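The values are calculated or read from the model by the stated rules, or taken from the named source; none is laboratory data. Just so we're clear, the structure is a prediction, and the values are computed from it rather than from any experiment. So basically every Cβ, Gly included, is an ideal-geometry build from the backbone, and we count neighbours across all protein chains shown.
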Amino acid sequence: MNETSPLRGLYAITDSQLLAEGRLLPYVEAALRGGVRLLQYRDKSGDEARRQREAQALAELCARHGAALIINDDLELAAHLGVGLHLGQEDGSLAIARERLGPQAIVGATCHAQLTLAERAIEDGASYVAFGRFFNSNTKPGAPAADDALLQQARARFRQPIVAIGGITLDTAPRLIAQGADLIAVIHALFAADSAAEVEQRAQAFSRLFTIP
């Protein structure tokens, strides 16, 4: 993938607690200014009206900054907005989502630490495959399951972009990029910040990692 592709670089994932109390849009815009290439809107609440309103606003921000918006586990919302979709293993059929959203949509899949899940996702039309958890994570606590060897094997086997996720920080990201990760997905390392300015600085620092030879 070339440097202008949305499928290489920093992949930000929203968190409804970290981005509560009016932080969602200013913090996301700061992250986009800092170079985020992919933004996943992740909200597991049942407030559909608010989710649609927020997703619409995020879609406009992403369009303005040349990034791609991905909706977590909501095919209807992704189809309504004409944006991408990310599905976990329990989130429904990737093949159906690909058919519904069309060939150009970005559709990603959680593959945990299993190459067989990635193979199946690619057969069903996944644009990228996401592996994790690489480190202990605030969002999904527990022992890390993915490691450098998995990344190397995935890089050797798949042409599709590879996402690394799970407790990744500025200190640990370079190693994962060197082992073959095209996208580094972060939540807390980006958004657990005291100000939008700090989010922008963190995003810039992550984004610079992808320009180092």
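Some observations on this one:
- Residue in the stretch 114-149 that is nearest to the chain's Cα centre (by Cα), counting only those that are among the small types (Gly, Ala, Ser), assigned to a loop (DSSP other than H, G, I, E, B) and surrounded by fewer than 16 Cβ atoms within 10 Å (Cβ to Cβ): 145
- Filtered residue count, the stretch 43-54, keeping only those that are under 20 Å from the mean Cα position of the chain (by Cα) and either hydrophobic (A, V, I, L, M, F, W, C) or surrounded by 17 or more Cβ atoms within 10 Å (Cβ to Cβ) (or both): 3
- Scoring residue 144 on the criteria (1) modelled with pLDDT of 95 or more; (2) in contact with a Phe, Trp or Tyr (Cβ under 8 Å, 6 or more places away or on another chain); (3) not basic (Lys, Arg) leaves a single failure, condition (1).
- Of residues in the stretch 56-73 being of a type in the set (D, E, K, R) and assigned to a helix (DSSP H, G or I), the one surrounded by the most Cβ atoms within 10 Å (Cβ to Cβ): 60
- Restricting the first member to the stretch 66-82 and to residues that are over 17 Å from residue 28 (Cβ atoms) and of a type in the set (A, V, I, L, M), and the second to residues that are modelled with pLDDT under 95 and part of a loop (DSSP other than H, G, I, E, B), the beta-carbon pairs closer than 7 Å and six or more apart or on different chains are 75/92.
- Checking each residue in the stretch 21-57 for being farther than 21 Å from residue 195 by Cα and small (Gly, Ala, Ser) picks out 45, 46, 49, 55.
- Residues of the stretch 185-194 satisfying the condition of being touching a strand residue (DSSP E or B) at 6+ places or on another chain (Cβ under 8 Å) and either under 18 Å from residue 212 (Cβ atoms) or free of Cβ contacts under 8 Å to residues at least 40 places away in the same chain (or both): 186
- Members of the stretch 74-102 found to be part of a loop (DSSP other than H, G, I, E, B) and under 23 Å from residue 154 (Cα atoms), listed by number: 88, 89, 90, 91, 93
- Selection within the stretch 166-184 - in contact (Cβ under 8 Å) with a residue 60 or more places away in the chain and either crowded, with 23+ Cβ neighbours inside 10 Å or in a helix (DSSP H, G or I) (or both): 183, 184
- Unmet requirement for residue 53, which otherwise passes all of (1) assigned to a helix (DSSP H, G or I); (2) at pLDDT below 95; (3) among the basic types (Lys, Arg): (2)
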